[in-house]
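See structure below.
The values are calculated or read from the model by the stated rules, or taken from the named source; none is laboratory data. Since the model is a prediction, treat every value here as computed from it, not as a measurement. In this analysis, Cβ positions are derived from the backbone assuming ideal geometry, glycine residues included, and neighbour counts consider all displayed protein chains.
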Amino acid sequence: MTSRKHWLLPDGVDELLPERAKALEQLRRRLLDCCDGWGYRYVIPPLVEFTDSLLVGLGADLDLVTCKFADRLSGRTLGVRADMTPQAARIDAHSLGETGVTRLCYAGSTLHSAPETATSGRSPIQLGAEVYGSASSDADLEVIGLMLTLIDRVGLAPHHKPVTLDVGHVGIYDAVMAASSLDAETANAVFDALQRKSQPDLQHILRDSDGALVARLQGLMDLHGGADTLALARQKLADIPEAIEAIDQIDRVVSYVQAHHPEVSVYIDLTELRGFRYHTGLVFAAYVAGVGNAIAKGGRYDNVGSVFGRERPATGFTCDLKALAEQCTTHSNPGGVISAPIVEDAALNDAILALRAQGRVVVNALEGIHDPRCTEQLIKEGDHWVCQPLA
């Protein structure tokens, strides 16, 4: 009797069977072609790296979700990538070392030691795009525009699945915290409480802190909603110039989306500090109605390249292809699957080649048995082979 343990997969790790794998691969090609059309060059980072370079300067949160093992050749610790963004930053800073603006895109498997959320898996297939070398907010608008364009290519509209862009800015939190005297441990606890939108936890953490700081941080939690949220934020944070500058950047995003992607709703959240803690400016995420997790997310992360010896401004986004494929409009091959007999006939071979060149699927009838997917078959009529319905 075969033991169940021989085929049981680890929790949160899945395999893609033919139909799902085909849909995902078609989607991957379509989205990468779109990135190419925007001038983003494709790179393939390694699946594993030494943790010295994979995790350097990126904080404990990425370290915790990275699966590690010992390299038998070097004796050093290797890590399986949990996020490809730092790898792209290393490629830009070290492997390419270009001056000016560099645009990169990538797609590949990642692995997490634990699921990011209760409903997500541990093995996302990540696709992303990054812009290096531009500190301009125009670069942020470009990657947001590309991200929304890719989502449009997924084909959500025919299924009436509206998209919402959630926008925040780490600079607002940083500006408020810069005026405080909190130690690093307390500041990290505040960061976590703001991410979880937990007023009780925030009050507990700051129970011995200045009342004005507590009120300001609690007020940040209320600054979320539509575009009118920005006017209220300007009033509450008028005495912090860095915060006003960040609000202006969010305002530009709202105007851009309204002008170029009017079908997308914008939600403002000034305590949205998503993702790993390497983000330094605008942060954003796209949500689809009926799906609990973000289908794409990103932001600015100007400080990552410095750990590779070359500090460069950077902004970009990533998405999980598996999650996107679940929402994808099916793009099947035109017509049905065609069964072809196995006979030595040059005309038959030419007919099969022509059909496959047209994008049709032709399957050999091994041992004279039609593949169950076939709805048509090639029949010889005179000197020609033609398709007829399969009885």
Next item on the list: Check Leu78, Leu17 and return the single one that is touching a strand residue (DSSP E or B) at 6+ places or on another chain (Cβ under 8 Å) and more than 30 Å from Glu142 (Cα to Cα).
Entry: Leu78
Checklist line | Test for Ser120: is it in contact with a helix residue (DSSP H, G or I) (Cβ under 6 Å, 6 or more places away or on another chain) and assigned to a loop (DSSP other than H, G, I, E, B) | finding: no
Next item on the list: Please name all residue pairs, on different chains or six or more residues apart, with Cβ atoms under 6 Å, provided the first residue is in region 350-364 and is assigned by TED's automatic domain parsing to the domain that holds Ile379 and within 11 Å of Cys387 (Cα to Cα) and the second residue is acidic (Asp, Glu) and assigned to a helix (DSSP H, G or I).
Entry: none
Checklist line | Failed condition for Ala238, given (1) aliphatic (A, V, I, L, M); (2) part of a helix (DSSP H, G or I); (3) at pLDDT 80 or above | finding: (2)
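Please pick out the residue among Asp63, Asp71 that is of a type in the set (Asp, Glu), in the same structural domain as Ala89 (by TED's automatic domain parsing) and farther than 27 Å from Thr280 by Cβ. Even if it seems obvious, please write down each step before you answer.
Working: Asp63 fails: farther than 27 Å from Thr280 by Cβ.
So the residue among Asp63, Asp71 that is of a type in the set (Asp, Glu), in the same structural domain as Ala89 (by TED's automatic domain parsing) and farther than 27 Å from Thr280 by Cβ is Asp71.
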Item checked: Test for Leu73: is it surrounded by fewer than 19 Cβ atoms within 10 Å (Cβ to Cβ) and at pLDDT 90 or above -> yes
Check: Which residues, taken from region 214-247, are among the acidic types (Asp, Glu) and closer than 22 Å to Phe284 by Cβ?
Finding: Asp222, Asp228, Glu242, Glu245
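I need the strands (runs of 3 or more DSSP E) fully contained in region 308-391, keeping only those with at least 3 residues that are touching a Pro at 6+ places or on another chain (Cβ under 8 Å).
374-381
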Notebook entry, point to check: Regarding Asp174, is this residue in contact with a helix residue (DSSP H, G or I) (Cβ under 9 Å, 6 or more places away or on another chain) and either modelled with pLDDT under 85 or not hydrophobic (A, V, I, L, M, F, W, C) (or both)?
Noted result: yes
Next item on the list: Quick one: which residue in Ala212, Ala246, Ala189, Ala227 is among the aliphatic types (A, V, I, L, M) and in a loop (DSSP other than H, G, I, E, B)?
Entry: Ala227
Check: Would a scan of region 229-252 turn up a residue that is closer than 22 Å to Asp138 by Cβ, over 20 Å from the mean Cα position of the chain (by Cα), crowded, with 19+ Cβ neighbours inside 10 Å and among the β-branched types (Val, Ile, Thr)?
Finding: yes
Notebook entry, point to check: Out of (1) closer than 25 Å to Leu321 by Cα; (2) surrounded by 12 or more Cβ atoms within 10 Å (Cβ to Cβ); (3) modelled with pLDDT under 95, what's the single condition that is false for Ala118?
Noted result: (2)
Check: Within region 142-160, is even one residue in contact with a His (Cβ under 7 Å, 6 or more places away or on another chain), of a type in the set (Gly, Ala, Ser) and part of a helix (DSSP H, G or I)?
Finding: yes
Margin query: Of everything in region 140-167, what is under 25 Å from Leu223 (Cβ atoms) and over 17 Å from the mean Cα position of the chain (by Cα)? Give them in sequence order.
Written below: Pro162
Notebook entry, point to check: Restricting region 121-140 to residues that are among the charged types (D, E, K, R) and in contact (Cβ under 8 Å) with a residue 60 or more places away in the chain, which is surrounded by the fewest Cβ atoms within 10 Å (Cβ to Cβ)?
Noted result: Arg122
Margin query: Scan region 45-66 and tell me whether some residue there is among the polar types (S, T, N, Q), surrounded by 18 or more Cβ atoms within 10 Å (Cβ to Cβ) and touching a Pro at 6+ places or on another chain (Cβ under 6 Å).
Written below: no
